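The values are calculated or read from the model by the stated rules, or taken from the named source; none is laboratory data. Just so you know, these numbers come straight off a predicted model, no measurement behind them. Glycine gets a Cβ as well: all are built from the backbone with ideal geometry, and neighbour counts include every protein chain shown. Just so you know, the surface numbers come from the protein's heavy atoms only, side chains and all, with ligands and any DNA or RNA stripped out. Shrake-Rupley method; radii C 1.70, N 1.55, O 1.52, S 1.80 Å.
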Amino acid sequence: MAATSWSKAALSQAVLGFWQLGPVAAREWTTRFPSLLGCQRRSVTCVAGGAFSGPLLASASRRYGQNSALDRFLGLSQPDSSLTSRIPAVSMHRDEQDLLLVHHPDMPENSRVLRVVLLGAPNAGKSTLSNQLLGRKVFPVSKKVHTTRCQALGVITEKEAQVILLDTPGLISPVKQKRHHLELSLLEDPWKSMESADLVVVLVDVSDKWTRKQLSPQVLQCLTQFSQVPSILVMNKVDCLKQKSVLLELTAALTEGVVNGKKLKLRQAFHSQPGTHCPSPAAKGSNTQSVGGPQRIGWPYFQEIFMLSALSQEDVKILKQYLLAQAQPGPWEFHSEVLTSQTPEEICANIIREKLLEHLPQEVPYNVQQKTIMWEEGPSGELVIVQKLLVPKESHVKILIGPKGHLISQIAEEAGRDLMDIFLCEVQLRLSVKLLN
(Lines give C-alpha, C1' and ligand atoms only; values in the text may rest on other atoms or scores of the structure.)
Protein backbone atom coordinates (compact mmCIF):
# COMPACT_ATOMS: atom_id res chain seq x y z
CA MET A 1 0.00 0.00 0.00
CA ALA A 2 1.28 3.44 -0.84
CA ALA A 3 1.04 6.33 1.56
CA THR A 4 2.68 9.70 1.64
CA SER A 5 4.58 10.91 4.64
CA TRP A 6 2.67 12.94 7.19
CA SER A 7 2.90 16.60 6.21
CA LYS A 8 2.00 19.69 8.19
CA ALA A 9 3.37 22.13 5.61
CA ALA A 10 1.35 25.28 5.21
CA LEU A 11 0.62 27.05 1.95
CA SER A 12 3.79 27.74 -0.03
CA GLN A 13 4.79 31.35 -0.35
CA ALA A 14 3.60 32.93 -3.58
CA VAL A 15 6.46 34.02 -5.85
CA LEU A 16 5.88 36.64 -8.53
CA GLY A 17 2.19 36.27 -7.89
CA PHE A 18 2.05 32.68 -9.09
CA TRP A 19 -0.59 30.68 -7.24
CA GLN A 20 0.82 28.23 -4.67
CA LEU A 21 4.19 27.65 -6.29
CA GLY A 22 6.67 26.08 -3.91
CA PRO A 23 10.30 27.08 -3.38
CA VAL A 24 11.62 24.76 -6.09
CA ALA A 25 9.16 26.02 -8.67
CA ALA A 26 9.91 29.58 -7.59
CA ARG A 27 13.61 29.09 -8.23
CA GLU A 28 12.81 27.60 -11.62
CA TRP A 29 10.73 30.60 -12.60
CA THR A 30 13.43 32.94 -11.30
CA THR A 31 15.99 31.19 -13.46
CA ARG A 32 13.86 30.89 -16.56
CA PHE A 33 12.32 34.34 -16.51
CA PRO A 34 14.85 36.61 -14.76
CA SER A 35 13.43 39.64 -16.54
CA LEU A 36 10.23 39.33 -14.52
CA LEU A 37 12.14 40.10 -11.35
CA GLY A 38 12.45 43.69 -12.43
CA CYS A 39 8.67 44.15 -12.59
CA GLN A 40 7.28 46.52 -10.00
CA ARG A 41 3.96 46.15 -8.22
CA ARG A 42 1.74 49.17 -8.17
CA SER A 43 -0.91 49.99 -5.64
CA VAL A 44 -4.50 49.15 -6.49
CA THR A 45 -7.48 51.42 -5.98
CA CYS A 46 -10.81 49.96 -6.99
CA VAL A 47 -14.39 51.12 -6.53
CA ALA A 48 -17.58 49.35 -7.50
CA GLY A 49 -17.29 48.79 -11.21
CA GLY A 50 -13.73 50.09 -11.21
CA ALA A 51 -10.72 48.58 -12.94
CA PHE A 52 -8.18 46.21 -11.43
CA SER A 53 -4.64 46.11 -12.71
CA GLY A 54 -2.23 43.47 -11.55
CA PRO A 55 1.55 43.76 -11.52
CA LEU A 56 3.01 45.44 -14.59
CA LEU A 57 3.77 42.40 -16.70
CA ALA A 58 2.90 43.95 -20.05
CA SER A 59 6.45 43.71 -21.38
CA ALA A 60 6.73 40.14 -20.16
CA SER A 61 3.35 39.43 -21.75
CA ARG A 62 4.51 40.72 -25.12
CA ARG A 63 7.70 38.69 -24.85
CA TYR A 64 5.69 35.59 -23.95
CA GLY A 65 3.30 36.28 -26.81
CA GLN A 66 6.10 36.38 -29.38
CA ASN A 67 7.22 32.98 -28.17
CA SER A 68 3.75 31.66 -27.51
CA ALA A 69 2.54 28.10 -27.68
CA LEU A 70 0.99 28.84 -31.06
CA ASP A 71 4.27 30.24 -32.39
CA ARG A 72 6.18 27.21 -31.16
CA PHE A 73 4.05 24.51 -32.72
CA LEU A 74 3.84 26.51 -35.99
CA GLY A 75 7.63 26.57 -36.05
CA LEU A 76 7.89 30.36 -35.80
CA SER A 77 10.28 30.20 -32.87
CA GLN A 78 12.82 27.82 -31.39
CA PRO A 79 12.50 27.84 -27.60
CA ASP A 80 15.36 26.87 -25.38
CA SER A 81 15.19 23.19 -24.43
CA SER A 82 15.40 24.22 -20.79
CA LEU A 83 11.83 25.52 -21.04
CA THR A 84 10.27 22.21 -22.04
CA SER A 85 9.28 21.24 -18.49
CA ARG A 86 7.73 24.57 -17.56
CA ILE A 87 4.03 24.88 -16.79
CA PRO A 88 2.22 26.31 -19.82
CA ALA A 89 0.02 29.35 -19.51
CA VAL A 90 -3.45 29.66 -20.98
CA SER A 91 -3.77 32.04 -23.90
CA MET A 92 -6.02 35.06 -23.40
CA HIS A 93 -7.11 34.63 -27.03
CA ARG A 94 -9.83 32.09 -27.64
CA ASP A 95 -8.74 31.42 -31.23
CA GLU A 96 -5.22 30.51 -30.09
CA GLN A 97 -6.59 28.24 -27.36
CA ASP A 98 -8.90 26.59 -29.88
CA LEU A 99 -6.03 26.00 -32.31
CA LEU A 100 -3.95 24.41 -29.57
CA LEU A 101 -6.78 22.05 -28.67
CA VAL A 102 -7.19 20.74 -32.22
CA HIS A 103 -3.54 20.75 -33.24
CA HIS A 104 -1.75 17.41 -33.62
CA PRO A 105 0.05 16.53 -30.36
CA ASP A 106 3.84 17.01 -30.39
CA MET A 107 4.38 13.61 -28.78
CA PRO A 108 7.56 11.51 -28.80
CA GLU A 109 7.71 8.02 -30.27
CA ASN A 110 7.44 6.38 -26.84
CA SER A 111 4.42 8.45 -25.74
CA ARG A 112 2.27 7.29 -22.84
CA VAL A 113 -1.16 8.50 -21.71
CA LEU A 114 -3.54 8.15 -18.75
CA ARG A 115 -7.10 9.46 -18.33
CA VAL A 116 -7.87 10.09 -14.66
CA VAL A 117 -11.28 10.83 -13.17
CA LEU A 118 -11.50 12.51 -9.76
CA LEU A 119 -14.55 11.42 -7.80
CA GLY A 120 -15.74 12.54 -4.41
CA ALA A 121 -18.45 14.18 -2.41
CA PRO A 122 -19.03 17.93 -2.87
CA ASN A 123 -16.27 20.06 -1.30
CA ALA A 124 -13.86 17.13 -0.86
CA GLY A 125 -11.05 19.16 -2.44
CA LYS A 126 -11.07 17.81 -6.02
CA SER A 127 -10.44 21.16 -7.70
CA THR A 128 -7.74 22.11 -5.20
CA LEU A 129 -5.96 18.83 -5.87
CA SER A 130 -6.36 19.25 -9.63
CA ASN A 131 -4.86 22.75 -9.51
CA GLN A 132 -1.89 21.53 -7.48
CA LEU A 133 -1.30 18.64 -9.86
CA LEU A 134 -1.41 21.01 -12.83
CA GLY A 135 0.81 23.59 -11.15
CA ARG A 136 -1.50 26.48 -12.01
CA LYS A 137 -4.94 27.48 -10.79
CA VAL A 138 -7.38 26.85 -13.63
CA PHE A 139 -10.30 25.39 -11.67
CA PRO A 140 -12.40 27.42 -9.22
CA VAL A 141 -12.04 26.61 -5.52
CA SER A 142 -14.41 27.55 -2.72
CA LYS A 143 -15.44 26.37 0.72
CA LYS A 144 -19.04 26.33 -0.49
CA VAL A 145 -20.37 23.21 -2.21
CA HIS A 146 -20.97 22.86 -5.97
CA THR A 147 -18.24 25.29 -7.00
CA THR A 148 -17.50 23.04 -9.99
CA ARG A 149 -20.71 23.01 -12.03
CA CYS A 150 -19.66 20.83 -14.96
CA GLN A 151 -16.84 18.60 -16.10
CA ALA A 152 -13.53 20.39 -16.59
CA LEU A 153 -10.37 18.99 -18.12
CA GLY A 154 -6.72 19.59 -17.20
CA VAL A 155 -3.58 18.23 -18.85
CA ILE A 156 -0.24 17.30 -17.26
CA THR A 157 2.56 16.65 -19.75
CA GLU A 158 6.03 15.63 -18.58
CA LYS A 159 8.62 14.02 -20.82
CA GLU A 160 6.89 11.19 -22.68
CA ALA A 161 3.84 10.94 -20.36
CA GLN A 162 0.54 12.81 -20.53
CA VAL A 163 -2.06 12.63 -17.76
CA ILE A 164 -5.53 13.97 -18.50
CA LEU A 165 -7.43 15.05 -15.38
CA LEU A 166 -11.21 15.12 -15.44
CA ASP A 167 -12.30 17.32 -12.54
CA THR A 168 -15.93 16.37 -12.04
CA PRO A 169 -18.64 18.01 -9.92
CA GLY A 170 -19.21 16.44 -6.53
CA LEU A 171 -21.42 13.38 -6.78
CA ILE A 172 -24.96 14.11 -5.64
CA SER A 173 -28.23 12.20 -5.56
CA PRO A 174 -31.12 12.92 -7.95
CA VAL A 175 -33.17 13.99 -4.93
CA LYS A 176 -30.68 16.75 -4.00
CA GLN A 177 -30.39 17.83 -7.62
CA LYS A 178 -34.15 18.39 -7.82
CA ARG A 179 -34.55 19.80 -4.31
CA HIS A 180 -31.92 22.51 -4.81
CA HIS A 181 -32.70 23.10 -8.50
CA LEU A 182 -29.13 22.30 -9.50
CA GLU A 183 -27.93 21.88 -13.07
CA LEU A 184 -28.38 18.44 -14.58
CA SER A 185 -24.63 18.46 -15.33
CA LEU A 186 -23.94 18.02 -11.60
CA LEU A 187 -25.76 14.71 -11.79
CA GLU A 188 -24.62 13.42 -15.18
CA ASP A 189 -21.01 14.56 -15.76
CA PRO A 190 -19.23 12.24 -13.29
CA TRP A 191 -20.91 9.22 -14.86
CA LYS A 192 -20.02 10.32 -18.39
CA SER A 193 -16.38 10.79 -17.36
CA MET A 194 -16.13 7.21 -16.09
CA GLU A 195 -16.81 5.81 -19.56
CA SER A 196 -13.37 6.87 -20.81
CA ALA A 197 -11.38 6.60 -17.57
CA ASP A 198 -8.17 4.60 -17.17
CA LEU A 199 -7.94 5.29 -13.43
CA VAL A 200 -10.32 6.60 -10.79
CA VAL A 201 -9.08 8.75 -7.91
CA VAL A 202 -11.60 8.74 -5.06
CA LEU A 203 -11.08 11.73 -2.82
CA VAL A 204 -12.29 11.74 0.81
CA ASP A 205 -12.15 14.74 3.14
CA VAL A 206 -10.94 13.17 6.40
CA SER A 207 -11.50 16.42 8.29
CA ASP A 208 -15.27 16.15 7.84
CA LYS A 209 -16.49 14.16 10.84
CA TRP A 210 -19.93 13.69 9.30
CA THR A 211 -18.92 12.09 6.01
CA ARG A 212 -15.42 10.67 6.42
CA LYS A 213 -16.34 7.28 7.89
CA GLN A 214 -17.86 5.93 4.69
CA LEU A 215 -17.88 6.47 0.96
CA SER A 216 -21.03 8.16 -0.29
CA PRO A 217 -23.67 5.91 -1.87
CA GLN A 218 -23.17 7.78 -5.16
CA VAL A 219 -19.40 7.09 -5.18
CA LEU A 220 -19.96 3.44 -4.35
CA GLN A 221 -22.56 3.14 -7.06
CA CYS A 222 -20.17 4.68 -9.58
CA LEU A 223 -17.30 2.39 -8.54
CA THR A 224 -19.58 -0.63 -8.73
CA GLN A 225 -20.92 0.14 -12.18
CA PHE A 226 -17.39 0.72 -13.52
CA SER A 227 -15.63 -1.89 -11.41
CA GLN A 228 -13.34 -2.78 -14.33
CA VAL A 229 -11.62 0.62 -13.99
CA PRO A 230 -8.70 0.56 -11.50
CA SER A 231 -9.12 2.94 -8.57
CA ILE A 232 -7.05 4.50 -5.80
CA LEU A 233 -8.09 6.21 -2.57
CA VAL A 234 -6.81 9.66 -1.67
CA MET A 235 -7.47 10.73 1.91
CA ASN A 236 -7.32 14.52 1.81
CA LYS A 237 -6.84 17.21 4.48
CA VAL A 238 -4.84 14.94 6.78
CA ASP A 239 -3.09 18.05 8.11
CA CYS A 240 -6.36 18.95 9.87
CA LEU A 241 -6.26 15.81 12.03
CA LYS A 242 -4.71 16.03 15.46
CA GLN A 243 -4.63 12.28 16.06
CA LYS A 244 -3.04 10.02 13.46
CA SER A 245 -4.86 7.04 14.90
CA VAL A 246 -8.04 8.37 13.30
CA LEU A 247 -6.47 7.74 9.90
CA LEU A 248 -6.01 4.07 10.71
CA GLU A 249 -9.66 3.69 11.62
CA LEU A 250 -10.80 5.53 8.52
CA THR A 251 -8.48 3.48 6.30
CA ALA A 252 -9.98 0.25 7.62
CA ALA A 253 -13.52 1.50 7.06
CA LEU A 254 -13.04 3.03 3.60
CA THR A 255 -11.20 -0.01 2.22
CA GLU A 256 -13.03 -2.69 4.21
CA GLY A 257 -9.55 -3.74 5.34
CA VAL A 258 -8.41 -4.79 1.84
CA VAL A 259 -6.04 -2.98 -0.53
CA ASN A 260 -4.78 -4.38 -3.82
CA GLY A 261 -6.26 -7.76 -2.98
CA LYS A 262 -4.38 -8.07 0.29
CA LYS A 263 -5.54 -7.88 3.87
CA LEU A 264 -4.50 -4.52 5.22
CA LYS A 265 -1.99 -4.27 8.04
CA LEU A 266 -2.86 -0.90 9.46
CA ARG A 267 0.57 -0.03 10.71
CA GLN A 268 1.77 -0.07 7.11
CA ALA A 269 -0.08 3.18 6.58
CA PHE A 270 2.83 5.28 7.80
CA HIS A 271 5.78 3.19 6.64
CA SER A 272 5.12 1.84 3.16
CA GLN A 273 6.30 3.48 -0.05
CA PRO A 274 4.33 4.00 -3.28
CA GLY A 275 3.97 0.65 -5.02
CA THR A 276 3.88 -0.31 -8.65
CA HIS A 277 0.80 -0.48 -10.82
CA CYS A 278 -1.17 -3.64 -10.16
CA PRO A 279 -4.76 -4.28 -11.30
CA SER A 280 -7.25 -4.53 -8.48
CA PRO A 281 -9.25 -7.73 -7.99
CA ALA A 282 -12.18 -6.01 -9.67
CA ALA A 283 -10.08 -5.26 -12.73
CA LYS A 284 -9.09 -8.92 -12.92
CA GLY A 285 -12.71 -9.90 -13.36
CA SER A 286 -13.76 -10.71 -9.80
CA ASN A 287 -17.44 -11.05 -9.15
CA THR A 288 -18.69 -7.64 -8.03
CA GLN A 289 -22.40 -8.22 -8.38
CA SER A 290 -22.91 -7.92 -4.64
CA VAL A 291 -20.68 -4.92 -3.99
CA GLY A 292 -23.58 -2.52 -4.18
CA GLY A 293 -25.30 -3.95 -1.12
CA PRO A 294 -26.96 -1.48 1.23
CA GLN A 295 -24.57 -2.25 4.10
CA ARG A 296 -21.41 -1.42 2.18
CA ILE A 297 -19.53 1.66 3.38
CA GLY A 298 -16.12 1.09 1.77
CA TRP A 299 -14.52 -0.29 -1.38
CA PRO A 300 -12.16 -3.30 -1.06
CA TYR A 301 -10.71 -2.96 -4.58
CA PHE A 302 -8.50 0.12 -4.28
CA GLN A 303 -5.01 -0.43 -5.73
CA GLU A 304 -3.31 2.15 -3.54
CA ILE A 305 -3.94 4.64 -0.76
CA PHE A 306 -2.49 8.13 -0.49
CA MET A 307 -2.77 10.30 2.61
CA LEU A 308 -2.09 13.93 1.90
CA SER A 309 -3.03 17.56 2.08
CA ALA A 310 -3.95 18.92 -1.34
CA LEU A 311 -2.38 22.22 -0.24
CA SER A 312 1.01 20.58 0.27
CA GLN A 313 3.18 20.47 -2.84
CA GLU A 314 5.38 17.82 -1.28
CA ASP A 315 2.41 15.52 -0.73
CA VAL A 316 0.85 16.16 -4.14
CA LYS A 317 4.17 15.61 -5.91
CA ILE A 318 4.21 11.97 -4.76
CA LEU A 319 0.70 11.44 -6.14
CA LYS A 320 1.64 13.19 -9.38
CA GLN A 321 4.67 10.95 -9.87
CA TYR A 322 2.46 7.92 -9.29
CA LEU A 323 -0.04 9.07 -11.92
CA LEU A 324 2.69 9.75 -14.47
CA ALA A 325 4.13 6.30 -13.81
CA GLN A 326 0.74 4.67 -14.49
CA ALA A 327 0.49 6.16 -17.98
CA GLN A 328 0.30 3.39 -20.57
CA PRO A 329 1.79 3.34 -24.11
CA GLY A 330 -0.47 5.26 -26.44
CA PRO A 331 -0.85 8.53 -28.34
CA TRP A 332 -1.27 11.81 -26.54
CA GLU A 333 -4.61 13.55 -26.87
CA PHE A 334 -3.30 17.10 -26.62
CA HIS A 335 -0.36 19.27 -27.57
CA SER A 336 2.14 19.69 -24.74
CA GLU A 337 1.24 23.40 -24.43
CA VAL A 338 -2.38 22.61 -23.50
CA LEU A 339 -3.11 23.04 -19.80
CA THR A 340 -6.92 22.93 -19.89
CA SER A 341 -9.73 22.50 -22.40
CA GLN A 342 -11.60 25.48 -20.97
CA THR A 343 -11.89 28.66 -22.99
CA PRO A 344 -10.36 31.85 -21.53
CA GLU A 345 -13.88 33.22 -21.01
CA GLU A 346 -14.97 30.12 -19.11
CA ILE A 347 -11.92 30.33 -16.86
CA CYS A 348 -12.64 33.99 -16.15
CA ALA A 349 -16.31 33.36 -15.36
CA ASN A 350 -15.42 30.50 -13.03
CA ILE A 351 -12.77 32.51 -11.17
CA ILE A 352 -15.15 35.43 -10.62
CA ARG A 353 -17.84 33.00 -9.51
CA GLU A 354 -15.38 31.49 -7.03
CA LYS A 355 -14.88 34.91 -5.44
CA LEU A 356 -18.64 35.46 -5.29
CA LEU A 357 -19.06 32.16 -3.46
CA GLU A 358 -16.30 33.05 -1.04
CA HIS A 359 -17.49 36.54 -0.16
CA LEU A 360 -21.29 36.45 -0.43
CA PRO A 361 -23.55 34.91 2.23
CA GLN A 362 -25.89 31.93 1.96
CA GLU A 363 -27.80 31.64 -1.31
CA VAL A 364 -26.83 35.07 -2.71
CA PRO A 365 -23.90 33.94 -4.94
CA TYR A 366 -25.95 31.13 -6.49
CA ASN A 367 -28.42 33.72 -7.82
CA VAL A 368 -25.84 35.95 -9.53
CA GLN A 369 -25.77 35.87 -13.33
CA GLN A 370 -22.59 36.89 -15.13
CA LYS A 371 -22.49 38.66 -18.49
CA THR A 372 -19.22 39.54 -20.21
CA ILE A 373 -19.49 42.91 -21.99
CA MET A 374 -15.89 43.32 -23.17
CA TRP A 375 -12.94 41.00 -23.73
CA GLU A 376 -10.08 42.50 -25.68
CA GLU A 377 -6.35 43.08 -25.72
CA GLY A 378 -5.28 46.60 -24.82
CA PRO A 379 -2.64 48.69 -26.56
CA SER A 380 0.13 47.53 -24.21
CA GLY A 381 -0.74 43.83 -24.35
CA GLU A 382 -2.97 43.89 -21.27
CA LEU A 383 -6.24 41.96 -21.14
CA VAL A 384 -9.27 44.20 -20.61
CA ILE A 385 -12.38 42.49 -19.23
CA VAL A 386 -15.69 44.13 -18.42
CA GLN A 387 -18.35 41.96 -16.79
CA LYS A 388 -21.80 42.71 -15.44
CA LEU A 389 -23.11 40.89 -12.39
CA LEU A 390 -26.89 40.60 -12.53
CA VAL A 391 -28.85 39.96 -9.32
CA PRO A 392 -32.59 39.41 -8.74
CA LYS A 393 -33.08 41.60 -5.63
CA GLU A 394 -32.23 45.16 -4.69
CA SER A 395 -30.92 43.89 -1.36
CA HIS A 396 -28.47 41.65 -3.23
CA VAL A 397 -27.16 44.67 -5.13
CA LYS A 398 -26.27 46.39 -1.86
CA ILE A 399 -24.69 43.22 -0.46
CA LEU A 400 -22.55 42.65 -3.55
CA ILE A 401 -21.32 46.23 -3.78
CA GLY A 402 -20.61 46.40 -0.06
CA PRO A 403 -19.96 49.46 2.12
CA LYS A 404 -18.40 52.20 -0.03
CA GLY A 405 -17.88 49.64 -2.79
CA HIS A 406 -15.25 47.73 -0.85
CA LEU A 407 -16.63 44.23 -1.48
CA ILE A 408 -16.97 44.47 -5.26
CA SER A 409 -13.53 46.08 -5.27
CA GLN A 410 -12.04 43.16 -3.33
CA ILE A 411 -13.71 40.59 -5.61
CA ALA A 412 -12.32 42.34 -8.71
CA GLU A 413 -8.84 42.56 -7.18
CA GLU A 414 -8.67 38.90 -6.15
CA ALA A 415 -10.11 37.62 -9.43
CA GLY A 416 -7.78 39.85 -11.42
CA ARG A 417 -4.73 38.45 -9.64
CA ASP A 418 -5.79 34.88 -10.32
CA LEU A 419 -6.42 35.65 -13.98
CA MET A 420 -3.05 37.31 -14.32
CA ASP A 421 -1.41 34.14 -13.03
CA ILE A 422 -3.35 32.02 -15.51
CA PHE A 423 -2.82 34.15 -18.62
CA LEU A 424 0.62 35.54 -17.67
CA CYS A 425 -0.29 39.07 -18.65
CA GLU A 426 -1.57 42.25 -17.03
CA VAL A 427 -5.32 42.10 -16.41
CA GLN A 428 -7.73 45.01 -16.12
CA LEU A 429 -10.97 43.64 -14.69
CA ARG A 430 -14.00 45.90 -14.36
CA LEU A 431 -17.08 44.61 -12.55
CA SER A 432 -20.45 46.29 -12.28
CA VAL A 433 -23.65 45.23 -10.51
CA LYS A 434 -27.12 45.56 -11.98
CA LEU A 435 -30.60 44.55 -10.91
CA LEU A 436 -32.28 42.02 -13.18
CA ASN A 437 -35.29 43.48 -14.99
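Table for the structure above
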read-out	value
For segment 344-435, accessible area per residue (1.4 Å probe, heavy atoms of protein chains only), Å²	42 Å²
Cα convex hull of segment 344-435 - mean projected area over all directions, nm²	5.6 nm²
At R0 = 30 Å, FRET efficiency that the Cβ-Cβ distance of residue 362 and residue 221 yields, to 0.05	0.50
Subset of 213/237; 143/398; 209/237; 209/244 violating a 18 Å alpha-carbon distance limit	143/398
Exposure of residue 413 as accessible area (Å², to 10), given a probe of 1.4 Å and all protein chains	50 Å²
Contour minus Cα-Cα distance for residue 406 and residue 208 (0.36 nm per residue)	68.0 nm
Ranked order, 418, 208 - accessible area, probe 1.4 Å, largest first	208, 418
Theoretical gain in end-to-end length, residue 374 to residue 333 [0.36 nm per residue, Cα-Cα removed]	11.6 nm
